[in-house]
Amino acid sequence: MGTKTVDEAGVETGTEAKSDEEAVDLTKADEAVETDGEATAGASDEDEYDEDELSEAVAAKAPSGVGLGAAAVVSAALGLVSLTGGWLGTVAQARDSLYGQLETASTATVSTQIEQVYGNSWNANALVAGIFALVALLVGVFVLVRPAFGNPDRVVQVTWVKSVAWAGVSLAIIGLLLAVLKYTDILLSMPTVSS
């Protein structure tokens with residue numbers, strides 16, 4: 001007994017089967033192929049969905065680098081303040097000068113008066129500048145070495161952050177050197193007065 005198969009559009013395919021069992025087997029085989037195709041398509045859709053979902057999750061967990069950028073700018077700003085002295089250095093210098101004037105006896109020698117009124121205040125200014133330079137140096141070095149201590153896939157440092165951090169470190173080194181030279185009276189030392 002021969003049968004012809006009809007597809008979903010109602011068109012005869014011309015395949016004849018020898019018996020009803022063979023026709024049923026052909027139909028089951030077609031259904032199995034269709035089911036496998038749907039399963040494969042579903043798996044590929046799931047894979048694509050999983051990859052998209054994974055990339056979104058990684059992007060959400062990846063740090064934006066805002067903290068490192070801000071720290072780099074702070075380092076550069078502190079390095080600049082260490083060079084200029086800043087408001088805090090000026091206040092410390094004026095305060096130490098006032099204490100020198102109050103503590104120096106009117107009968108003290110000129111060299112003692114210069115040291116008490118001007119020398120100590122100059123050292124106070126140098127000390128404040130040195131503290132700013134040291135903090136700028138530490139922050140700048142932290143920004144530069146931070147990616148080495150994290151997951152390299154997650155810690156991405158933008159080029160401008162490195163540049164600003166290097167600027168901060170450079171200014172801090174110059175500021176620290178100048179502060180040491182000022183404090184030790186190698187640079188712009190106090191005048192000496194003969195007795």
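For the stretch 109-144, what are the residues that are among the β-branched types (Val, Ile, Thr), farther than 23 Å from residue 86 by Cα and in contact (Cβ under 8 Å) with a residue 12 or more places away in the chain?
Of everything in the stretch 109-144, those that are among the β-branched types (Val, Ile, Thr), farther than 23 Å from residue 86 by Cα and in contact (Cβ under 8 Å) with a residue 12 or more places away in the chain turn out to be 109, 110, 114, 143.
Given the condition open to solvent by 50 Å² or more (accessible area, probe 1.4 Å) and at pLDDT 90 or above, answer yes or no: does some residue in the stretch 97-108 qualify? Steps first, please.
Start the filter on the stretch 97-108 by keeping residues that are open to solvent by 50 Å² or more (accessible area, probe 1.4 Å), which leaves 98-99, 101-103, 105-107.
Then drop every residue that is not at pLDDT 90 or above, which leaves none.
There is no residue in the stretch 97-108 that is open to solvent by 50 Å² or more (accessible area, probe 1.4 Å) and at pLDDT 90 or above.
Can you name the condition, by its number, that residue 129 falls short on among (1) in contact with a helix residue (DSSP H, G or I) (Cβ under 8 Å, 6 or more places away or on another chain); (2) hydrophobic (A, V, I, L, M, F, W, C); (3) open to solvent by 70 Å² or more (accessible area, probe 1.4 Å)?
(3)
So, in the stretch 68-108, exactly how many residues are out of contact with any Leu (no Cβ under 9 Å at 6 or more places or on another chain), touching a residue at least 40 places away in the same chain (Cβ under 8 Å) and among the β-branched types (Val, Ile, Thr)?
Residues that pass the stated criteria total 2.
The values are calculated or read from the model by the stated rules, or taken from the named source; none is laboratory data. This structure is a prediction, so every number in the text was calculated from the model and none was measured. Counting neighbours? That spans all protein chains shown, and the Cβs are built from the backbone with ideal geometry, glycine included. Surface areas here come from the heavy atoms of the whole protein model, side chains and all, with no ligands, DNA or RNA. Shrake-Rupley method; radii C 1.70, N 1.55, O 1.52, S 1.80 Å.
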